[in-house]
Amino acid sequence: MPSSSPHIAPTIIESPPPSLALSPHGRVHLEPGSPSAAGIEPRALAALQAAFDRGSGNGLLLLGAVEADTILPPALAFWRDFSKHFISRSCALLASGEAISPESVDPPPELLDELVSGAPPMKGAEYLSADVLASLWRDLGSTLTREAAARKLSVHDFLASLDPAWRLVGRVCFHLAELRDNKVTPFAFLATYVGEPSRGGRARHVRLGDAVERSGKARDNSSLLTLLAPVERAA
């Protein structure tokens, strides 16, 4: 009986997960890969690819606004968080009642340097600098203004159309809290600040005093004034 040929298991070559790369000219683009490996649904990945094909600002805006709750590979997460910083700061300034446009939103002091120093390995990392991030930040501002105007929406309404969680971000909220164990003062007022959306797309409230203290320590006067403006109006 002739010997049977040995069974050779087929080699399975998996596609790498999609990742973002930085070009020498400071542009961000999406590199192809397996959407399931990155946790992004194929339909969302196709929309993201189409957005980056239109420009870095379009892609980063969609990544930060829509994929805020997705667990992503390090490079994608880095750029998503960069975009979320911009969107959150824009929401805060808009919620304060200031007549500003997204193009005039500046990054918090030292934020860009901190992002550069903490950046994960990525393709094109050698081109990453605070100046490059500043340019992309401005690109996000002009893109947000343009996309909202094209849909005849306010910036806040446009962001909420991408993800409803952004509607409350940047707002100072006043609560009437019940103190069940205190018969002398059974109620108390509580002021909170809504920062970036938490996992699950829910508004994440922090004590207003804590938010003010963080802005003070960071010497972020713009953010500090934004936090205090609603309190002044309420008073």
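Loop-located GluC sites (Glu not before Pro) in region 100-146 (DSSP state not H, G, I, E or B) with no more than 10 neighbouring Cβ atoms inside 10 Å do not occur.
Ranked by accessible surface with a 1.4 Å probe, highest first, in what order do Asp113, Asp81 come? Before the final figure, lay out each step's value.
Values: Asp113 95, Asp81 60 Å².
Most to least solvent-accessible, the answer reads Asp113, Asp81.
Our estimate of slack between Ser161 and Ile71, defined as 0.36 nm per intervening residue step minus the Cα-Cα distance, is 30.2 nm.
Estimate the FRET efficiency between Ala50 and His175 by the formula 1/(1 + (r/R0)^6), using the beta-carbon distance for r and 41 Å for R0, to the nearest 0.05.
Numbers: r = 41 Å, r/R0 = 1.01.
For R0 = 41 Å, the calculated efficiency reads 0.50.
The values are calculated or read from the model by the stated rules, or taken from the named source; none is laboratory data. All of these numbers come straight from a predicted model, not from anything done at the bench. Please note: Cβ atoms are built from the backbone with ideal geometry, for glycine as well, and neighbour counts cover all protein chains shown. For accessibility, only protein heavy atoms count, side chains too; no ligands or nucleic acids. Shrake-Rupley method; radii C 1.70, N 1.55, O 1.52, S 1.80 Å.
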